[in-house]
Structure formats: structure tokens, C-alpha cells
Amino acid sequence: MNIRLSQETPKGKYLEVDCENQLVQIIFTWHSLDAIEDYEMTLENILNYLLYPEEVVKGHANRYIAHRRLNHHLARVVYEYDGRNVIVITFYISYVNRYFREGKYEDKILS
């Protein structure tokens with residue numbers, strides 16, 4: 001995974017990421033960037049959770065939630081699509097036993 005371009009926009013931070021011979025366009029909203037900072041995570045960690053999740057489930061309003069287990073906790077990256085862009089809405093950590101559904105994939109960013 002290689003971040004080719006990173007720039008700030010009115011909506012947040014826009015990234016172009018080379019990953020598995022694909023160019024993925026991602027916008028992290030200002031809210032998601034604040035949440036990442038609150039949990040003391042790095043953007044690279046969140047990109048890994050988003051692009052290489054253990055499962056992806058459907059959320060509300062055409063959104064998806066990428067899951068990655070962190071011991072007894074679960075990293076949850078909430079995102080949606082705006083054309084070709086992946087928009088990361090928020091990030092938070094919860095408990096595995098509350099949300100993890102044993103590896104279900106209702107979406108995959110990398111095809």
C-alpha cells in the first residue's frame with residue numbers, strides 16, 4: 001500500500017492510495033480524522049482496517065462498516081461511496097462480541 005497523493009479539501013483529507021495494482025480514492029471527513037486522533041491511531045492503521053478488513057457489514061443509509069479485531073475489541077470504520085470516492089465517515093472501537101459476525105463481506109473496496 002502506497003499513498004500517492006494526500007491533500008486537504010473542504011470535506012476533509014483526500015488520499016489516492018495504490019494498493020494491489022488498484023488506485024483507491026479516499027476522503028477522510030474531518031470528523032473521522034478527529035476520531036482517529038482521539039483513539040491515538042494512525043491513518044495507515046485505519047487504511048489497513050478499511051482496505052483489508054476481516055469483515056464488512058451494511059450500516060444505515062447506504063453505508064458500510066469495515067471490521068478488524070483487536071484482541072477483545074473491534075475497530076469499526078464507517079464509510080460510504082460518492083461516485084468513485086470512498087468517504088470515511090467515522091472510526092471507533094467497540095467490543096468484538098457486540099458487532100462481529102464471523103467474517104461476513106457485504107462489500108469489498110479492493111476487488
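The values are calculated or read from the model by the stated rules, or taken from the named source; none is laboratory data. Treat the numbers as computed from the prediction; the structure is a model and nothing was measured. Positions of Cβ are backbone-derived with ideal geometry, glycine not excepted, and every protein chain shown enters the neighbour counts.
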Quick one: is V56 of a type in the set (V, I, T), surrounded by 11 or more Cβ atoms within 10 Å (Cβ to Cβ) and within 9 Å of the chain's Cα centre (by Cα)? no
Being crowded, with 19+ Cβ neighbours inside 10 Å and either farther than 20 Å from K11 by Cβ or modelled with pLDDT under 95 (or both) is the filter here; which residues of the range 66-90 pass it? H67, R68, L74, A75, R76
In the range 76-111, anything without any contact (Cβ under 8 Å) to a residue 40 or more places away in the chain and out of contact with any helix residue (DSSP H, G or I) (no Cβ under 9 Å at 6 or more places or on another chain) is listed as E80, Y81, G83, S94, Y95, V96, N97, R98
